[in-house]
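Notes follow the structure.
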Amino acid sequence: MLGEYRIVGRRASDIAASVELGVGSGELAPGQLLPPMRELAADLGVNPNTVAAAYRILRERGVIATDGRRGSRVRPRPASTPRESIRVDAPHGVRDVSTGNPDPALLPALGDALAAAARRNAERPGLYGQEAVVPDLARMARAAFDADGVPDGPVCVTSGSLDAIERVLAAHLKPGDAVAIEDPGWGSLLDLVPALGLRAVPVTVDDEGPLPGDVDRALRRGARALVVTDRAQNPTGGAVSASRARELRTVLAAHPHVLLIEDDHGHAIVDLPLRPLAGGTRHWALVRSTAKAYGPDLRLAVLTGDAVTLDRVRGRQRLGPGWVSRLLQYAVVDLWASGAVDPAAVARSYGERRNALVAALGERGVAAHGRSGMNVWVPVPDETGVVARLLHAGWAVAPGARFRMSASPGVRLTVSPMTPADIGPVAEALASAAGPAPERRYD
């Protein structure tokens, strides 16, 4: 089963170290099937529980993945290797429409907000023992949640959406648990789940969100958590519609013990209403990042959820970073209070570019998706070939492999760096590189 490589050790830590040594040296290749626990225990002359503990250590470190009766295998690549490494670097002269960054022209200037934060800090210096969340920020965030129909719950602040999602998952799940996530979906989340020792279960999405049948199957098969992007889904641009939200709430009501996490990172950059799913499960959380509307470097998101979940998140946060900088919180309060961002204008700007690109591709016989946000997803028959041909034509796009588990190939284009004059040329280049593609779901 392992070729010439021999796993050794008498203790769980030694057995785990032996496997890691084989993986590090390349003698245990990605996808390599490891011996069943009882078989390896007999070979080593140890108790099967010792091997089980070794495999658990390896799962927690992201070295192996276990898939029930199919056994344990070496992960395709280390859990710490981000999907951002699956990218195309844009050489000089090539337009980069792959990054997923917001348009800097639509981000507010931060000088006045940071100056206001400094003045507030001078009046009351930030010290140990103070509240973790600035009261004004908590009040304004809660009011915005209330306006969008998000169930009542406390508010905490994290260092971005991914930080919030990681803390919520860690608050409820243990290594080996399954998490239902969108496919295609956010590449960082696809990396985070196995890095936590969790097992990702793909759920197909379309323009209106996750497919209820897929969600139901994943939960019936044991997924203990579901992560949903409410709007501006990355990479497809999907947004949960009213009818889809009703269907998903019905599914979740049949699984009240499932942890629901909603990511509304598109808040303040989309003009579609939020359709929150929370309410049918005992534990839930909804996170909103300031990254897309106010600037990625603010590193701030607001999180709400049920009292137990938020208490666990805040308690663990106190034992780590303690809190997110109150200077940044004061700055965000000033940005919100001053109306530094006009959400309708931002949504209109992205929408005009996104809709124009989808329409231009459609005119050339290429199906594309982009209902909200700043990204357009284009299913293609040959992902690698399309990316290479587009690069040769002067356009760097994001390979779909960064966002996929079992979904069909595709490429993602970010409209943020595009001008109206770019739409025709990039659509023409993509149509030439991909050829006409039939309308399809993402599975």
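Bear in mind that the values in this text are calculations on the coordinates, not laboratory data. Predicted model, so just to flag it, every value in this text is computed and none were measured. Methodologically, a virtual Cβ is constructed for each residue, glycine included, from the backbone with ideal geometry; neighbour enumeration extends over all protein chains shown.
Computed values, structure above
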quantity	calculated
In sequence order, calculated HN-Hα J values of the stretch 134-144 (Karplus, 6.51, -1.76, 1.60; Hz; x Gly/Pro)	4, x, 4, 5, 4, 5, 5, 5, 5, 5, 5
Relative packing of 222-232, 173-183, which averages over residues the other C-beta atoms within 10 Å, highest first	222-232, 173-183
The stretch 12-74: translational diffusion in µm²/s, Stokes-Einstein, Kirkwood Rh over Cα pairs, 10 °C, 1.306 mPa s	138
The stretch 226-235 - phi-based ³J(HN,Hα) in whole Hz, Karplus 6.51/-1.76/1.60, Gly and Pro as x	9, 10, 10, 8, 5, 9, 6, 4, 9, x
Rounded to 5, the percent of DSSP beta bridges in the stretch 115-240 classed as antiparallel	20
C-alpha center-to-center spacing [the stretch 1-77, the stretch 139-161] in angstrom	43
Peptides ranked, highest mean first, by Cβ atoms within 10 Å: ranges 146-154, 202-210	202-210, 146-154
Mean-position separation - Cα centroids, the stretch 226-272 and the stretch 99-116, in angstrom	27
Under-5 Å amide H pairs with residue 209, H placed in peptide plane, nonlocal only	239
Equivalent ellipsoid, the chain (semi-axes from 5 times Cα gyration tensor eigenvalues, Å)	36, 30, 21
Which of 265, 283, 92, 255 has the fewest Cβ neighbours within 10 Å, and the rest in rising order	92, 255, 283, 265
Estimated dipole of the chain in Debye, rounded to 20 [Cβ of Lys and Arg +1, of Asp and Glu -1, Cα centre]	1160
Whole-Hz couplings from phi, Karplus 6.51/-1.76/1.60, listed for the stretch 374-381; x for Gly and Pro	10, 10, 10, 10, 10, x, 9, x
Label-to-label distance, nm, for residues given as residue 152 and residue 405 (7 Å Cα→Cβ offset)	3.6
Distant-in-sequence amide H partners of residue 180 (H built 1.01 Å from N, under 5 Å)	201, 224, 225, 226, 227
Cα point-scatterer Debye curve for the stretch 278-434, base-10 log of I(q)/I(0) at q = 0.17 Å⁻¹	-1.02
Counting DSSP beta bridges with both ends in the chain, the antiparallel % (nearest 5)	50
Positive-end residue of 44, 125, 55, charge dipole of the chain with Cβ unit charges	44
Among 325, 104, 254 the positive-end extreme of the charge dipole of the chain (Cβ point charges)	254
Cα centroid separation, the stretch 316-340 to the stretch 165-218 (Å)	28
